[in-house]
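Enquirer: Before we start, here is the structure in question, set down as structure tokens.
The values are calculated or read from the model by the stated rules, or taken from the named source; none is laboratory data. Note that the structure is predicted; figures quoted are calculated from it, not measured. Note that we place each Cβ from the backbone using ideal geometry, even for glycine, and neighbour counts take in every protein chain shown.
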Amino acid sequence: MRKVLLYQLALIIPAVLFSLQCYAQDIPSTELIKNAKLYDGKIVTYGGEAVGDIMVRGEFAWVNIYDGSNAIGIWVHKDLIRDITYTGGYRAKGDLVAVAGRFNRSCLEHGGDLDIHAQSFTKISPGSKIHHALDTEAVKSASVLFCTLVLIFLLRMRQSRKPASSRHP
């Protein structure tokens, strides 16, 4: 009887924890920042786009997650971020991720910065490269400006090489 109960608990507990994480409402960055004292030391869920560079520091890494309003630094074990393919910037839209972890309004371990120490870090959807079209009008304008500057330079050079008597009648 005890074995059956233990097996049932072994199946039920992970399922409950998984469902709590799946249905937990992300707390927006503005709420976390505005009410940092309220959330300090608590487990929070947060999600958004991975942006900037991933900075590996030994067994852990910093990943900045942008939720559309602000970016928050996430301190995460480097094994949890190996699925991250793209981080947001000029050339790419970053992977969307969900994070659950301990919120710190002033982390003593990291110089007093606001951060989240991730306990779970899940890639929700992949990012992608961004292809920027060449602005042909800007190229034309730059070409005309360049040619005008070269022409002015050549005319000034020619004018400065004329003898002094030919410059003023």
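Enquirer: In the list Val99, Val150, which residue meets the criterion of being out of contact with any Asp or Glu (no Cβ under 6 Å at 6 or more places or on another chain), within 30 Å of Ile72 (Cβ to Cβ) and surrounded by 10 or more Cβ atoms within 10 Å (Cβ to Cβ)?
Expert: Only one candidate passes the filter, namely Val99.
Enquirer: Could you tell me how many of the residues in the stretch 48-59 are assigned to a strand (DSSP E or B) and either buried (at least 18 other Cβ atoms within 10 Å of the Cβ) or among the acidic types (Asp, Glu) (or both)?
Expert: 5
Enquirer: Does Phe103 satisfy the condition of being of a type in the set (Phe, Trp, Tyr) and closer than 17 Å to Tyr39 by Cβ?
Expert: Yes, satisfied.
Enquirer: Just to be sure I understand, how many residues within the stretch 22-41 are at pLDDT 95 or above and either part of a helix (DSSP H, G or I) or within 13 Å of Leu114 (Cα to Cα) (or both)?
Expert: 13
Enquirer: Can you tell me how many residues in the stretch 128-138 are surrounded by 10 or more Cβ atoms within 10 Å (Cβ to Cβ) and either in contact with a His (Cβ under 7 Å, 6 or more places away or on another chain) or assigned to a helix (DSSP H, G or I) (or both)?
Expert: Summing the residues that are surrounded by 10 or more Cβ atoms within 10 Å (Cβ to Cβ) and either in contact with a His (Cβ under 7 Å, 6 or more places away or on another chain) or assigned to a helix (DSSP H, G or I) (or both) in the stretch 128-138 gives 0.
Enquirer: Could you run through the stretch 60-83 and say how many residues are among the polar types (S, T, N, Q), touching a Leu at 6+ places or on another chain (Cβ under 9 Å) and surrounded by 20 or more Cβ atoms within 10 Å (Cβ to Cβ)?
Expert: 0
Enquirer: Take the stretch 74-122 and flag every residue that is part of a loop (DSSP other than H, G, I, E, B), of a type in the set (Asp, Glu) and under 18 Å from the mean Cα position of the chain (by Cα).
Expert: Asp83, Asp95
Enquirer: Separate question: Any idea how many residues of the stretch 62-73 are within 16 Å of Ile27 (Cα to Cα) and part of a strand (DSSP E or B)?
Expert: Counting residues in the stretch 62-73 that are within 16 Å of Ile27 (Cα to Cα) and part of a strand (DSSP E or B) gives 6.
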